[in-house]
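Following: one structure in structure tokens, then a few remarks.
The values are calculated or read from the model by the stated rules, or taken from the named source; none is laboratory data. Here the structure is a predicted model, which means the values were calculated and not measured. Counting neighbours? That spans all protein chains shown, and the Cβs are built from the backbone with ideal geometry, glycine included. With ligands, DNA and RNA removed, areas are computed over all heavy atoms of the protein, side chains included. Shrake-Rupley method; radii C 1.70, N 1.55, O 1.52, S 1.80 Å.
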There are 2 protein chains.
Amino acid sequence: MARAATTTDVFNAIAEPGRRQILDLLANGELSVNELVEQLGLAQPQVSKRLQVLREVGLVLVRDDGRQRHYRLNGRALKPIHDWIRRYEQMWNERFDALDDVLEELHDQED
Amino acid sequence: MARAATTTDVFNAIAEPGRRQILDLLANGELSVNELVEQLGLAQPQVSKRLQVLREVGLVLVRDDGRQRHYRLNGRALKPIHDWIRRYEQMWNERFDALDDVLEELHDQED
DNA sequence: TTATTATATACCAATATGGGAATATATCAA
DNA sequence: TTGATATATTCCCATATTGGTATATAATAA
């Protein structure tokens, strides 16, 4: 078997930097495909392809407006990733480091 | 060009459920390859391959012990993902919804 | 209707999987 | 040394990209 499709889930969808960049741009508000093309400096088909992937996993929503299509972010679709990674958050935040120091200190005192 | 390697960065590394599962198991503490094989129910080579990917992006660390290799989590490597996704957190948490209500209320009062 | 604009899709080439099986490497035991 | 155990690596195959180019589709304008 081969690798899972990028449209399999949100984890695969955000693996590509270009797709994350699109989400970052849409975080500031709705944009048409052409506006995205300009801001990204990519060819239009590449942008449309990425948008399709993001659409299939529910990360973006579309609004038709004449011959333009306005895409907007659906941030809620990122929640599964956040929920997963949040369990590891303690491993790098300062409070944990501080606790680490306390434990080390206690350990030193034991000797 | 083809798809980016899974070892390109942490975003690609965690795209596969099996690799995330390994991280989840290691969250409880160090495990040898065989212990992982047992708990995952996968063939040993598949586990070793996944561990190599995780090693290459710095998500796990190894400790040699005779003919066994004990892997442990390096959660700090997940921070870039957390930092990226944290910017979207407001889009699904309750406080934001509450703020949304307040803003709407203020808006209504303007009229 | 015909031309133009905005997007989406199809096609092609190159490549990195990921699973399965076999094999190599390293360590320890007898 | 020989054998067994624990891991890593290699091969082969089927597949899903991703980039580039060309083309199809839809909407609007002339």
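Assorted remarks:
- Inter-copy label distances for A:GLN46: 3.5 nm (label point placed 7 Å from Cα along Cα→Cβ; shortest first).
- In chain A, the beta carbon lying closest to the axis that superposes A onto B belongs to the residue given here with its whole-angstrom distance, A:ALA15, 2.
- Label-point spacing at A:ARG69 relative to the other copies reads 4.5 nm, in ascending order, each point sitting 7 Å out from Cα along Cα→Cβ.
- Extension gain from B:LYS49 to B:GLN68, taking 0.36 nm per residue of separation minus the Cα-Cα distance: 5.2 nm
- Estimated buried accessible area (total), pair B and A, 1.4 Å, Å² to nearest 100: 2900 Å²
- The residues packed around A:LEU78, meaning those with a beta-carbon under 11 Å from its beta-carbon, carry a net charge of +3 if Lys and Arg are +1 and Asp and Glu are -1.
- Remark: mean inter-chain Cβ contacts per residue of A:8-18 equal 5, using a 10 Å Cβ-Cβ cutoff to other protein chain atoms.
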